[in-house]
């Protein structure tokens, strides 16, 4: 076992070169590399296929100097630049374990100024503080894993990410367990874990707080590589955006089991997103969940929906890769949702186009409507379909808990829904 202090690393000091030398030696000798108690300041590090052990009290802290980060020769489809803190490219057997901490130090780059959206109303001081923070520089994809296999992440804490905390691309056989991810809830795009075109992934027993998606599955780095064969279980999640996101624009996501999770204080609970014609999300089960939503002021996608399936055209024109040439008639299909308790500020929603949402079963749901001090900002009867160019509007003349629009075969049964006033709520099919 190799201790980084053997290579000159000292607590309280910048020691990127020393840690890289220890990692290189650990890979060469096939021995674990340990980070002892103390705070070690780092710029970009190539983890290769190392087994890195963060001992109790150990902190790897990202530098507050942007010159300490390299830019990888890999272009992100949406964000372009990849300037990570930790990265591993085409590795086999990367492991990070232990009870220490990785501090990604977003606070060094973000100000307390806020981006306040123009909704035509004046924001209170409390609402302003819920809006996204501004920055001039940040590390994009601070922990970046590319075309790797047999990755294991276990037990440690990551905090204060400036962008996607963990970003995986075209990787497989990944096990993530017992991680704590503690991000600033007012920083945009700081997803807890974003998997792009990955396969055979197990995520379990994690606690994640993030300004953006806690766990996201997409094909955003390559529209033709599916994200498939995932299990997500026994997690506690909190987000100012979506706690769990499946799909996005032209992504292909399939074969996902989500169970035994608690979602607290999240702007939207679970989002299933697919663009008309070009995207596909299929073969999903969602079960045994407690979902609590609350609407946050600011530029956050969603509007308090505990579950939203949206198959409408959405395409951001800032992406590098073109829209794929495919026209599937069904874009969300084969979804089973059961045993959910929802305490929510807005409706469950299934919004399609030309009945492109098909074969959905929703059963055994207990829904309680919550008071919402912020839902009026986007509209009391609005389902946010961002990044689409329009939203969905339902009729609130009756208390509604589930809203369907332009969908195919959907079965809903054995559900109990109670409004703020104790009234039985209905399903609305537009």
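Values in this text are rule-based calculations from the coordinates and carry no lab data. The structure presented is a predicted model; accordingly, all values stated were derived computationally and were not measured. Cβ atoms come from the backbone with ideal geometry, glycine included; neighbour counts cover every protein chain shown.
Using 0.36 nm per residue of separation minus the Cα-Cα distance, give me the extension gain between residue 10 and residue 339 in nm, one decimal.
Length difference between fully extended and current span is 113.3 nm.
Please give the FRET efficiency for residue 363 paired with residue 113, using the beta carbon to beta carbon distance and R0 = 56 Å, rounded to the nearest 0.05.
Result of the calculation: an efficiency of 0.75.
Using a Förster distance of 60 angstrom, determine the FRET efficiency expected from the C-beta separation of residue 37 and residue 231, and round it to 0.05. It would help to have the intermediate numbers written out before the result.
Numbers: r = 34 Å, r/R0 = 0.57.
The calculated FRET efficiency here is 0.95.
At 222 nm, what helix-only mean residue ellipticity would the chain give, in deg cm²/dmol to the nearest 500, using -39500 (n - 2.57) for each DSSP H run of four or more?
-1500 deg cm²/dmol
Run the quick spin-label model on residue 178 and residue 260: label points 7 Å from Cα toward the beta carbon, then report their separation in nm to one decimal.
1.5
If you average the sequence gap of Cα pairs under 8 Å that are 6 or more apart and divide by the length of the chain, what percent do you get for the contact order?
Worked out over the chain, it gives 9 percent.
Starting from the Kirkwood radius over alpha-carbon pairs of the chain, derive D by Stokes-Einstein at 37 °C in a medium of 0.692 mPa s and give it in µm² s⁻¹.
The estimated diffusion coefficient comes to 149 µm²/s.
Could you identify which residue out of 253, 410, 312 has the top mean-square fluctuation in a GNM of the chain using Cα springs shorter than 10 Å?
Ranking 253, 410, 312 by mean-square fluctuation puts 410 first.
At a temperature of 4 °C and a viscosity of 1.567 mPa s, determine how fast the range 310-430 diffuses translationally according to Stokes-Einstein, using the Kirkwood radius over alpha-carbon pairs as Rh; express D in µm²/s, rounded to the nearest whole number.
82
Taking 37 °C and 0.692 mPa s as the conditions, I'd like the Stokes-Einstein D for the range 51-154 in µm²/s, using the Kirkwood hydrodynamic radius from alpha carbon pairs.
Answer from the Stokes-Einstein relation: 201 µm²/s.
Taking the C-alpha atoms of the range 220-430, how large are the radius of gyration and the largest Cα-Cα span, Dmax, in Å?
15.9, 50
Between the range 169-248 and the range 276-346, how many Å separate their Cα centres?
About 14 Å separates the Cα centre of the range 169-248 from the one of the range 276-346.
Could you work out how much longer the chain between residue 81 and residue 150 gets when fully extended? Use 0.36 nm per residue separation minus the Cα distance between them, nm to one decimal.
22.3 nm
Taking 7 Å along the Cα-to-C-beta vector as the label spot, tell me the residue 299-residue 30 distance in nanometres, rounded to one decimal.
5.0
Given the Cα-Cα distance of residue 99 and residue 416 and 0.36 nm per residue of separation, how much length would full extension add, in nm?
109.9 nm
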